[in-house]
Amino acid sequence: MEMTTWIQMSADRDAIFGLAAAVEQWPHILPHYRWVRLLRDDGERRVVEMAASRDGLPVRWTAIQELDWADRRIRFQHIRGVTRGMEVVWTLTPNEQGVLVEIWHAFHPRWRLVPDVLVSLIVGRFFVDNIASKTLRRMKVLAEERSSWNAAVR
């Protein structure tokens, strides 16, 4: 399963990156996140335990988060949980309308008796795309508010 969830934001790229990188703050700004625990912090490489809800269904995983400040890119490698082995990459691409924010997920489990199409439907469409879409929609509101407030103050 590979999928990309995206949204166009009319916001400052640094404001978006700051919101996306600070996963420990997500439960305070994203209603569908139950908690995020910072297990290890080596600066640009952190280990985080994350828990969200897909419309009342709890999900939880542990991931390595790597922050690339120069390219404004965030990578996650899921290391524990049902989605162990999942790769996630956030990219923020400036364009004429603002910033295109994309979250790419790749998950290729070796589950016997579970066909790839079922992994794509259940893990991909039902859980990943739902949670990622909610995350992007809420971050869009917050980043655009922050950017317009900063512009007004200048």
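Residue count for region 87-124, restricted to those that are touching a residue at least 12 places away in the same chain (Cβ under 8 Å) and under 16 Å from the mean Cα position of the chain (by Cα): 17. Residue count for region 27-63 satisfying the condition of being modelled with pLDDT of 95 or more and assigned to a loop (DSSP other than H, G, I, E, B): 3.
Scan region 45-57 and give yes if some residue there is under 18 Å from Val88 (Cβ atoms) and in contact (Cβ under 8 Å) with a residue 60 or more places away in the chain, otherwise no. So far as region 45-57 goes, yes, one or more of its residues are under 18 Å from Val88 (Cβ atoms) and in contact (Cβ under 8 Å) with a residue 60 or more places away in the chain. Among the residues of region 8-26, the one identified as surrounded by fewer than 17 Cβ atoms within 10 Å (Cβ to Cβ), outside any helix (DSSP H, G or I) and not polar (S, T, N, Q) is Ala22. Does Trp90 meet the test of being surrounded by 17 or more Cβ atoms within 10 Å (Cβ to Cβ), among the aromatic types (Phe, Trp, Tyr) and at pLDDT 85 or above? For Trp90, the condition - surrounded by 17 or more Cβ atoms within 10 Å (Cβ to Cβ), among the aromatic types (Phe, Trp, Tyr) and at pLDDT 85 or above - is met. Selection of first residues in region 71-86 that are at pLDDT 95 or above and of second residues that are part of a loop (DSSP other than H, G, I, E, B) and basic (Lys, Arg), restricted to Cβ pairs under 8 Å at least 6 apart or on distinct chains, gives the following pairs, ordered by first then second residue: His78/Arg84. I need the full set of residues from region 102-151 which are surrounded by 13 or more Cβ atoms within 10 Å (Cβ to Cβ), out of contact with any strand residue (DSSP E or B) (no Cβ under 6 Å at 6 or more places or on another chain) and aromatic (Phe, Trp, Tyr), in order please. Of everything in region 102-151, those that are surrounded by 13 or more Cβ atoms within 10 Å (Cβ to Cβ), out of contact with any strand residue (DSSP E or B) (no Cβ under 6 Å at 6 or more places or on another chain) and aromatic (Phe, Trp, Tyr) turn out to be Phe107, Phe126.
The values are calculated or read from the model by the stated rules, or taken from the named source; none is laboratory data. These numbers come from a predicted model, not from an experiment. When we count neighbours, we look across all protein chains shown, and the Cβ atoms used for this are built from the backbone with ideal geometry, even at glycine.
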